[in-house]
Amino acid sequence: MVENIFLAKNDEQIRSCYAVMAELRPHLGPDEFLAQVKRQQEIAGYELGYAVAGTGEAAPRVKAVAGFRLSESLAWGKFMYVDDLVSASGARSQGYGGALFDWLLAYARKHECDQFHLDSGVQRFAAHRFYLRQRMSIECHHFGLKLK
């Protein structure tokens, strides 16, 4: 059961999210992850939210993590963009991802966002089913070009 959702504000909290985030972003090592999150926090207002279980224990266990930012554009007005959303593989279908998703929506509404967006890799079929169950719609194709 989800006991709490927090925003990672210090190095220890950011590091506590690494093992779960590495399931989605395996190309980053622990030190790279910490540096990247801090850089994105400074440059783009990136936030890292995380759901934990076992808050009565000495070390609560992170079960789901979401990286997101608030922004504004001509196309969407004020919006929340979710860069990263992942539940620990051993904690899927236990409500952690859904609770974190609902928390993100509430956060976006509290900050007066007009829209909520995320991209999901075309191979992530289970994630797509989850997003569709959350009443999200597939609105566009995202195109990319690697420069390095």
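The values are calculated or read from the model by the stated rules, or taken from the named source; none is laboratory data. Quick caveat: nothing in here was measured; it's all calculated off a predicted structure. With ideal geometry, Cβ positions are generated from the backbone for all residues, glycine too; neighbour counts draw on all protein chains shown.
Taken over the stretch 10-25, the residue count meeting the criterion of being under 19 Å from residue 82 (Cβ atoms) and not hydroxyl-bearing (Ser, Thr, Tyr) is 9.
To keep it simple, each residue is scored yes or no on (1) out of contact with any Lys or Arg (no Cβ under 8 Å at 6 or more places or on another chain); (2) surrounded by 15 or more Cβ atoms within 10 Å (Cβ to Cβ).
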site	(1), (2)
34	no, yes
45	no, no
49	yes, yes
52	no, yes
88	no, yes
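For beta carbons closer than 8 Å, sequence separation of 6+ or different chains, a first residue in the stretch 61-84 that is without any contact (Cβ under 8 Å) to a residue 12 or more places away in the chain and a second that is charged (D, E, K, R), the qualifying pairs are 72/78. Among residues of the stretch 128-148 that are farther than 17 Å from residue 101 by Cβ, those with a Cβ under 7 angstrom from a residue that is among the acidic types (Asp, Glu) and part of a loop (DSSP other than H, G, I, E, B), sequence gap 6+ or separate chain, pair up as 142/119. The residue pairs whose first member lies in the stretch 41-53 and is more than 12 Å from residue 13 (Cβ to Cβ), whose second member is among the polar types (S, T, N, Q) and surrounded by fewer than 19 Cβ atoms within 10 Å (Cβ to Cβ), and whose beta carbons are closer than 7 Å, counting only pairs six or more residues apart or on different chains, are 46/40.
Note on the stretch 130-148: residues that are part of a helix (DSSP H, G or I), more than 16 Å from the chain's Cα centre (by Cα) and modelled with pLDDT under 85 total 1.
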